[in-house]
1. Do the alpha carbons of any pairs in LYS144/LYS174; LYS89/LYS174; LYS68/LYS114; LYS174/LYS223; LYS136/LYS191; LYS114/LYS136 sit beyond 25 Å of each other, and which pairs?
2. Kindly report, to the nearest 10 Å², the accessible surface of SER61 as traced by a 1.4 Å probe over protein heavy atoms only.
3. What's the extension gain from ALA157 to ILE37 if we count 0.36 nm per residue and subtract their Cα-Cα distance?
4. Quick one: which residues, 5 or more positions from LEU141 or on another chain, have an amide H under 5 Å from its amide H? H modelled 1.01 Å from N in the peptide plane, none for Pro or chain starts.
5. Once the Cα gyration tensor of the range 109-170 is found, what semi-axes does its equivalent ellipsoid get, as square roots of 5 times the eigenvalues, in whole Å, sorted largest first?
6. On a full-extension model of 0.36 nm per residue, what is the gain between LYS144 and GLU72, subtracting their alpha-carbon distance, rounded to one decimal in nm?
7. At q = 0.12, 0.17 Å⁻¹, what log₁₀ I(q)/I(0) does the range 62-197 have when each alpha carbon counts as one equal point scatterer in the Debye sum?
8. Once the range 63-131 is represented by equal point scatterers at the alpha-carbon sites, with solvent omitted, what log10 I(q)/I(0) does the Debye formula produce at q = 0.16, 0.21 Å⁻¹?
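The values are calculated or read from the model by the stated rules, or taken from the named source; none is laboratory data. Quick caveat, the model's predicted, so the values are computed rather than measured. Just so you know, the surface numbers come from the protein's heavy atoms only, side chains and all, with ligands and any DNA or RNA stripped out. Shrake-Rupley method; radii C 1.70, N 1.55, O 1.52, S 1.80 Å.
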Amino acid sequence: MFVTAILFGVGLYFTERPKNRWFYRWGKNRAIVIISIIVAITSVSVNVVSKSIEKPLSRPSIIIQTLKEKNEIEILIKTKGLVDRISLKYPILGNITDFQDLNDVTDASTILAKAVGGVTQNDVLNNFQMIITDIKPDVVLHYKFFYRPSFEGIEIAGTDRYELVYAWEYYGDKIQETEWRTIKGDNSTVKPNVEIKGFKIFNKALTPEEVKKLYEDGISQIKF
């Protein structure tokens, strides 16, 4: 708006100059119309450029720290900027048994917290999934979930990193960003080639009927 006002003022100055024969030859009213069009086009261009510069700067910062013990994982999420929604998918070699939201009700709303994967001794992999909304700006969120570890020595591809998705709004536009972080150190990384939601180990060969039943039952989900 400031740039627009300056341009329009300069245009009017030139139309009012007594010796400006060019404007009077074309007609003062016509000159003002032309200047107004030029100012409008310039103003739109300035706004477009301004928004293209500001849009990347509107992106919030999400800092995550996970503290892992033998039977529990503590998650700290620090936000900088306005965030509408955060979702987390965190794989764990074990059975997730419980979840705690340690925040004040005014800090954020946890609308979903669940474990994807079974809780039997055959289920060696669970995925903890969480969705958070109504996030207070510049707040540190605190969560904890508990689990029973799987057999030692098991390695499953893709379980060394977790998925972070967050969304925010910029001039009415909904923007969403997906990142992958390492389980160890919470550093940025790339998406794994393989994503596994559940994993079972059996100490016997399954019959076709048992395989069919496992397929029909699908992956177990436990909501907290």
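1. LYS144/LYS174; LYS174/LYS223; LYS136/LYS191
2. Result for SER61: roughly 50 Å² accessible.
3. Length gained between ALA157 and ILE37: 37.1 nm.
4. Sorted by chain and number, the residues that satisfy this are ILE77, LYS78, THR79.
5. In descending order, the three semi-axes are 29, 13, 11 Å.
6. 25.2 nm
7. The computed values of log10 I(q)/I(0) come out as -0.47, -0.93.
8. Values, matching the q order: -0.62, -1.00.
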